[in-house]
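First comes the structure, then the notes that go with it.
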Amino acid sequence: MAYPLVLLAHPLPPDWLASLQGHVRLLVGPAQPGGFAPHLLEQLAEAEGIFSLLTDPITADFVSHAPRLRVVSNMAVGYDNIDVAACTHHKIPVGNTPGVLTEATADLAFGLLLSAARGLPKAAMDARDGLWNTWSPTGWLGMDLTGATLGIVGMGKIGRAVASRARAFGMNLLYSEKESGASPALEGAQRVSLDELLAASDFISLHCPLTAATRGLINESTLKKMKKTAVLINTARGPIVETDALLRALRENWIFAAGLDVTDPEPLPPEHPLYDLPNCLILPHIGSATFGVRRRMAELACENLLAGLQGIPLPNCVNPEVYRS
Ligand code: GLV
């Protein structure tokens, strides 16, 4: 019996994919910007499963060229790279990997928050570059965390994990959510409108998914509603923040600093002017990048993939309506 063909755009350590052995015929990479290499796309008509990364666009056109496709398994919690409506239309379940990356991503958001608040990269570079002539009472000043207010936009799993870290640092908490009652109320945190959050927060951390409603949520108008001393953290998705507006905000000191693990575009080209700003810290989308978490994400993606190929409900399915007849 021929094993079902599965396409994977980027090589992964074989032990992360061990559960696929003896169940699928895996066609892999090589990795290239923009997703699947041409020789993989040539096989699309035969593919029964797609093991996708967040960098692989799974568009309506892609799906329409895959008549045998039975599952798309995304190795990420976010799935804005996938046209879920098109998959649903073709009754293709889409899997993601929630839960396992919550704490690591919250750790990174908090690391960025601390680093941006205290200007750590610039201070470290200045020390290395010989600018540390004496202990300077007025040099390298940053923002206090204790007693400051953190505004969390999107109070899902990662937002909550960030909130628990903020509590340990003695911060006050506000949060906003698009839909009322989207998730249970959080003790010790006050739910407010986005405008109230922007005006009252010393730190603003984004934890909402990228959707039509959140694309460009942080723009010239919303940046101007923030305090001049505000620090903006984005570990969610780049396009939630309008890059040109943020560039102006940081250059013209509408806000104090930003810490970004995600950007628009992504990767942000090395010549981009945001890199030149001392008050902007940029990381290469590493929120979930720990040895343990990335392995667990791959394993969950394998579980979703195998379930889809067996025709049973995916353990983590973003479009469960495909199972309704
Ligand atoms: C990472 O950004 C993810 O969505 O898993």
Exercise for the section: Write out, first by first residue and then by second, each pair whose Cβ atoms fall under 6 Å of each other, whose residues are 6+ apart or on separate chains, and whose first residue, in the stretch 223-242, is within 16 Å of the ligand (Cβ to nearest atom) and in a helix (DSSP H, G or I) while the second is modelled with pLDDT of 95 or more and open to solvent by 60 Å² or more (accessible area, probe 1.4 Å). Expected result: Gly238/Asp264; Gly238/Glu266; Pro239/Arg215; Pro239/Asp264
Exercise for the section: Output yes when any residue across the stretch 283-292 is under 21 Å from Pro121 (Cβ atoms), open to solvent by 30 Å² or more (accessible area, probe 1.4 Å) and free of Cβ contacts under 8 Å to residues at least 24 places away in the same chain, and no when none is. Expected result: yes
Handout entry: Qualifying positions in the stretch 90-135 - more than 16 Å from the ligand (Cβ to nearest atom), in contact (Cβ under 8 Å) with a residue 12 or more places away in the chain and in a loop (DSSP other than H, G, I, E, B)
Key = His90, Lys91, Ile92, Pro93, Gly119
Practice task
Could you tell me which residue of the stretch 207-222 is surrounded by the most Cβ atoms within 10 Å (Cβ to Cβ), considering only residues that are part of a helix (DSSP H, G or I) and not acidic (Asp, Glu)?
Solution key: Thr222
Fill in the blank from the handout: A careful count of residues in the stretch 243-273 that are surrounded by 22 or more Cβ atoms within 10 Å (Cβ to Cβ), within 13 Å of the ligand (Cβ to nearest atom) and of a type outside the set (S, T, N, Q) gives 3
Problem - Residue that is more than 17 Å from the chain's Cα centre (by Cα), open to solvent by 10 Å² or more (accessible area, probe 1.4 Å) and within 22 Å of Gly119 (Cα to Cα), where the choices are Ala189, Ala230, Ala168 - result: Ala168
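Out of all the residues in the stretch 251-262, is one or more more than 22 Å from Ala123 (Cβ to Cβ), in a loop (DSSP other than H, G, I, E, B) and of a type outside the set (D, E, K, R)?
Going residue by residue through the stretch 251-262, those that are more than 22 Å from Ala123 (Cβ to Cβ) are 252, 254, 262.
Now drop any that are not in a loop (DSSP other than H, G, I, E, B), which leaves 252, 254, 262.
Next cut, of a type outside the set (D, E, K, R) only: 254, 262.
Yes, because at least one residue in the stretch 251-262 is more than 22 Å from Ala123 (Cβ to Cβ), in a loop (DSSP other than H, G, I, E, B) and of a type outside the set (D, E, K, R).
The values are calculated or read from the model by the stated rules, or taken from the named source; none is laboratory data. Predicted, not measured: the structure shown is a model, and the values here were computed from it. We place every Cβ from the backbone using ideal geometry, glycine too, and count neighbours over all the protein chains shown. For the accessible areas, the whole protein counts, side chains as well, though only heavy atoms, and no ligand, DNA or RNA atoms are used. Shrake-Rupley method; radii C 1.70, N 1.55, O 1.52, S 1.80 Å.
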